[in-house]
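Every read-out reported here was derived from the displayed coordinates using simple, explicitly stated rules and does not represent laboratory data. If you're wondering where the values come from, they're calculated on a predicted model, not measured in any experiment. Glycine gets a Cβ as well: all are built from the backbone with ideal geometry, and neighbour counts include every protein chain shown.
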Amino acid sequence: MVKEDILRLLSEISERIKVETIKDEIKVAHPFISKALEELERDGLINIQEKFISLTELGQEKAKTILEKHLVLEDYFKKTKSTIDAHIAAHILEHYVSRKVIDIIKKLSTLKKEGVPLTKFKLNKEGLITEINVSDYKLFERAVSMGLFPGEKIRVISEISHGIVLKVTNKKIALDRSVAERIKALEYEEI
C-alpha cells in the first residue's frame with residue numbers, strides 16, 4: 001500500500017520531489033517509506049538522486065493506473081460526500097478493489113437509480129453495493145477490509161435479531177442493523 005501511495009503521489013505532482021515531502025505526505029513510519037522507496041527503485045519504477053525522487057517510464061505507467069483508479073473512486077464518492085471525504089474514502093478503497101470493480105463503479109456512476117438499505121433488501125437476491133454512508137473512517141475502512149464496498153456483489157442470506165447476514169464472495173458477514181441501514185445496494189437485474 002505504501003508503494004502505491006508513493007507512486008500515486010508522484011503521479012499527482014508529476015515532477016521530481018524531495019524524499020522528505022514523501023515522508024510528510026504519507027502518514028506511516030519512516031522506515032516503511034524507506035523500505036518502499038528501496039523496493040520501487042530496485043523494481044525500476046523510480047529514480048532517487050540527491051534526495052529527489054522521480055518516476056521512470058515504467059513507473060509513470062504504473063502510477064497512471066493507480067491514479068486513474070483513485071480518481072474514479074473519488075468522483076464516485078463526490079456524489080454523496082464532500083470533496084475531502086471523497087478523497088479520503090477513495091484513498092482507503094483504492095488498495096482493495098480490482099479493475100473489475102472499478103469498471104462496475106464506472107457503470108454505477110451512470111445509473112439514475114439509487115440503492116436500498118441492506119435492511120430492506122430482499123432475501124437471497126443478488127445485488128451490488130452502491131453506497132456506504134458512514135462518516136466514521138474507521139468504520140468505513142473496516143467495512144472495506146471485510147469486502148463491503150461499492151461495486152461488490154452481495155447476497156442477503158438471512159435476518160437475525162439485531163441485523164442481517166450477508167454473503168460477500170466466499171464469506172458470510174453479520175452486520176448490525178444500524179450499520180446495514182447505511183449500506184445501500186441495487187438488485188443485480190436493475191443494473
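Please work out if G147 is free of Cβ contacts under 8 Å to residues at least 60 places away in the same chain and either in contact with a helix residue (DSSP H, G or I) (Cβ under 9 Å, 6 or more places away or on another chain) or part of a loop (DSSP other than H, G, I, E, B) (or both).
Answer is yes for this residue.
Would you check which residues across segment 121-139 are within 17 Å of E187 (Cβ to Cβ) and surrounded by 13 or more Cβ atoms within 10 Å (Cβ to Cβ) and list them? Quick ask: steps written out before the conclusion?
First pass over segment 121-139, keeping only residues within 17 Å of E187 (Cβ to Cβ): 121-131.
Correct list: F121, K125, E126, G127, L128, I129, T130, E131.
Out of the residues in segment 140-170 that are under 27 Å from V72 (Cα atoms) and out of contact with any strand residue (DSSP E or B) (no Cβ under 9 Å at 6 or more places or on another chain), state the one that is surrounded by the most Cβ atoms within 10 Å (Cβ to Cβ).
Once the filter is applied, the top-ranked residue is E141.
Provide a single number: the residues in segment 48-94 that are touching a Ser or Thr at 6+ places or on another chain (Cβ under 8 Å), of a type in the set (A, V, I, L, M, F, W, C) and more than 25 Å from R142 (Cβ to Cβ).
Result for segment 48-94: 3.
Consider segment 50-64. How many of its residues are surrounded by 15 or more Cβ atoms within 10 Å (Cβ to Cβ), without any contact (Cβ under 8 Å) to a residue 24 or more places away in the chain and in a helix (DSSP H, G or I)?
Total meeting the criteria: 0.
Go through segment 23-47 and count every residue that is in contact with a strand residue (DSSP E or B) (Cβ under 9 Å, 6 or more places away or on another chain) and part of a loop (DSSP other than H, G, I, E, B).
1
For segment 92-133, give me each residue that is under 20 Å from E68 (Cα atoms), part of a helix (DSSP H, G or I) and in contact with a strand residue (DSSP E or B) (Cβ under 7 Å, 6 or more places away or on another chain).
Once the filter is applied, which keeps residues that are under 20 Å from E68 (Cα atoms), part of a helix (DSSP H, G or I) and in contact with a strand residue (DSSP E or B) (Cβ under 7 Å, 6 or more places away or on another chain), segment 92-133 yields I104, L108.
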